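The values are calculated or read from the model by the stated rules, or taken from the named source; none is laboratory data. Everything quoted here is computed from the prediction, not taken from an experiment. Every residue, glycine as well, gets a Cβ built from its backbone with ideal geometry; the counts of neighbours run over all protein chains shown. Only protein heavy atoms, including side chains, enter the accessible area calculation; ligands, DNA and RNA are left aside. Shrake-Rupley method; radii C 1.70, N 1.55, O 1.52, S 1.80 Å.
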Amino acid sequence: MRALNVNDAKQPMFDLSPFDLPMTDPRHPFHVEHMAMALDEARAAQDEDEVPIGCIIVSLERGVIASAHNQREMLKDPTAHAEMVAITQAAAALQSWRLENCVLYVTLEPCPMCAGAVVLARLPMVVYGAADSKAGACDTLYRITSDPRLNHRAKVVAGVRADECAAILSEFFAEKRRLGKK
């Protein structure tokens, strides 16, 4: 074994591509790219005066099969969260309620309803941006998606583009408070 030379410290021991990161790493380019699409959906929600949450579902075989944002105000439907709308779209695209081999990307940690839908749809992975201290049901308040008492569990990757995801929500609610709106 040779001795380390002072100049060796300047040379990387090995060269890692971003694609060498494990899929559980929030910096993985696959996650970063798809969260950008979810952020586009969140901006569309904001343009419609909906809470700016966006969701994308990616089939690992077919690519993006669903993209949605909150539509509770427009549809007058309390269940019209971005995840619920996207899960319905994805099921229609696959002609199956089982969304196996798909990944759900959402800008805000899913609530109990949406985390339950993830379990029921058999989604194997959820990737979210900002944590939700008031309703987060993947990590923050509950762990529905990984509860061993349930018949299905999903891997969870948290914090993908978290600052951007949190910022769009903060800006939306700050503007609502400024205008004195609900």
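For the ranges 72-78, 165-171, what's the packing order if you count other beta-carbon atoms within 10 Å of each residue, average per peptide, and put the highest first?
165-171, 72-78
With a 1.4 Å probe and all protein chains left in place, how much accessible area per residue does region 14-161 have, in Å²?
49 Å²
Taking the 0 to 90 degree range and rounding to the nearest ten, how far is the long axis of helix 82-94 tilted relative to the main principal axis of the chain, both from C-alpha atoms?
80 degrees
Calculate the spin-label point distance for residue 61 paired with residue 37, positioning each point 7 Å from the Cα along the beta-carbon direction, and give it in nanometres.
Inter-label distance under the simple model: 1.7 nm.
Compactness ratio of the chain: Cα Rg over 2.2 N^0.38 Å, N = residue count? Walk me through the numbers on the way to the answer.
Numbers: Rg = 18.8 Å, N = 182, 2.2 N^0.38 = 15.9 Å.
Normalised Cα radius of gyration, the chain: 1.18.
List the residues of region 121-138 whose backbone N lies under 18 Å from a point placed 7 Å from the Cα of residue 88 along the Cα-to-Cβ direction.
121-122
Evaluate E = 1/(1 + (r/R0)^6) for residue 135 and residue 176, where r is the Cβ-Cβ distance and R0 equals 25 Å; express this FRET efficiency to the nearest 0.05. Don't jump to the answer; show the numbers that get you there.
Numbers: r = 18 Å, r/R0 = 0.70.
With a Förster radius of 25 Å, E is 0.90.
Using the structure shown, list the pairs from 76/134; 134/181; 76/155 with a Cα-Cα distance above 30 Å, or answer none.
Long pairs (Cα-Cα over 30 Å): 76/155.
Of the accessible area of region 62-182, with the probe set at 1.4 angstrom, what percent is carbon plus sulfur?
Taking all protein chains in place, region 62-182 shows 54 percent carbon and sulfur surface.
How large is the helix-only mean residue ellipticity at 222 nm for the chain, computed as the sum of -39500 (n - 2.57) over DSSP H runs with n ≥ 4, divided by its residue count, in deg cm²/dmol to the nearest 500? Please report the intermediate quantities before stating the final value.
Values: 5 runs with 63 residues, N = 182.
Per the formula, -11000 deg cm²/dmol.
Give me, ordered by chain and number, the residues 5 or more places off residue 155 or on other chains with an amide H under 5 Å from its own placed amide H.
Here 125, 126 satisfy the definition.
Could you grab the relative contact order for the chain? Cα pairs under 8 Å, six or more apart, rounded to a whole percent. Intermediate values should be presented prior to the final figure.
On the way: 355 pairs, mean separation 31.7, N = 182.
It rounds to 17 percent for the chain.
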